[in-house]
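The values are calculated or read from the model by the stated rules, or taken from the named source; none is laboratory data. Note that the structure is predicted; figures quoted are calculated from it, not measured. Cβ atoms come from the backbone with ideal geometry, glycine included; neighbour counts cover every protein chain shown. Remember, those area values only see protein heavy atoms, side chains included, never the ligands or the DNA or RNA. Shrake-Rupley method; radii C 1.70, N 1.55, O 1.52, S 1.80 Å.
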2 protein chains.
Amino acid sequence: MAQSASETVIGLATRRKTARRFRRTGVDLEDVHYCIRAAVQAPSGANRQPWRFVLVDDEEAKARIRASCEEQERRFHEKAETNLKGWFESKGITWQKQFLTDAPVLLAVFSNQKMPYAIESTWLAVGYILLALEERSLSTLTYTPSYPENVRAAFGAPEEYRLETILPIGHSADKKPKEERRQFESLIYRNAWNLQR
Amino acid sequence: MAQSASETVIGLATRRKTARRFRRTGVDLEDVHYCIRAAVQAPSGANRQPWRFVLVDDEEAKARIRASCEEQERRFHEKAETNLKGWFESKGITWQKQFLTDAPVLLAVFSNQKMPYAIESTWLAVGYILLALEERSLSTLTYTPSYPENVRAAFGAPEEYRLETILPIGHSADKKPKEERRQFESLIYRNAWNLQR
């Protein structure tokens, strides 16, 4: 298990960037467990803890999940409007999701739709996971499959569980810099919208 | 400004608990800025950064926001089904939201609904905020107003922005223990749903 770096939250948040490519180096599952252990401490609507996690490290299972996702992505890309198609092209994003088999581990995060604030609570917990991954020097991408209801079966998840994200986890082989952020001052108001910061 | 404790993510996550009551002790706005600075480093759908923050420390503004929220909560509690009413009663939750005026600072978090994955991205960033607040020894409650579209006006926010949460921020005066979490092993599967952990 990798040592915890004991970094400040802002240090972890600032440093971490999305990885689209992964090295083949393995991942210690204990490190992923660590991140999930942090996540399940998050608050949730009525403390119902709507989240469930499927940790995938079996190569065949990853290939099956990738095939299922790519089938839906192809549909999505075909139907996409011209604007969106242009944006995908400018970013080099296609229906192919190689990171789903390149990354040594996938962490699929589901939310129980029958529970209050299931999506909100689960994504809050995903925030915890991202910072914990960074602390363990692991990289990820918050991949949100298109038509997730059609990908659920690849995990064998029950119908009431919505697939929120699949986090490919590993050591980054991505050389792109972190994407830029808007100026802090443009995002915050004091006492009312449009008042002084 | 309070010193950063430089704690591990799991330490922050495990220790932090929801505060429903606050001491009158003031909050250094720099500490809240710190948390927002961490939050805006979160990833977001197409890096659109759909979040906006309104930091409220004016007493009159807090009172107006509380009144607006309570008006909606009264409606919600009146309409609630018997089961939910019973649950509210068991938890001592009423339409009254005293924490909205007790806490020295409110941080309202909005998401631009025209941006992709606005809710998901914004709640992920809220996860960052909670851990950063804990690092700065500040407490909060992730309050989700009922009928948030009717509370938006109290902030003067434009229509495309959805009020996701109002975080009352301060020093906790809450003596309740942290709410229990489900067993980790019951939340995680390996390779497929219902397979060995």
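Details
- One residue alone among A:Ala46, A:Ala63, A:Ala38, A:Ala42 is among the aliphatic types (A, V, I, L, M) and more than 9 Å from chain B (Cβ to nearest Cβ), and that residue is A:Ala63.
- Test result for A:Ala38, of a type in the set (A, V, I, L, M), in a helix (DSSP H, G or I) and closer than 27 Å to A:Arg181 by Cβ: yes
- Verdict on B:Arg48 being open to solvent by 20 Å² or more (accessible area, probe 1.4 Å), more than 25 Å from A:Gly45 (Cβ to Cβ), modelled with pLDDT of 95 or more and of a type outside the set (A, V, I, L, M): yes
- Taking region B:147-197 as the range and being assigned to a loop (DSSP other than H, G, I, E, B), touching a residue at least 60 places away in the same chain (Cβ under 8 Å) and either open to solvent by 20 Å² or more (accessible area, probe 1.4 Å) or in contact with a Phe, Trp or Tyr (Cβ under 8 Å, 6 or more places away or on another chain) (or both) as the test, the residues that pass are B:Tyr147, B:Ala157, B:His171, B:Ala173, B:Asp174, B:Lys176, B:Pro177, B:Lys178, B:Glu179.
- Against the criterion of being under 25 Å from B:Gly11 (Cβ atoms), among the aromatic types (Phe, Trp, Tyr) and either in contact with a Gly (Cβ under 9 Å, 6 or more places away or on another chain) or modelled with pLDDT of 95 or more (or both), A:Tyr128 qualifies.
- Across region A:120-130, not a single residue is classified as facing chain B (nearest Cβ under 9 Å), under 30 Å from B:Leu84 (Cα atoms) and in a strand (DSSP E or B).
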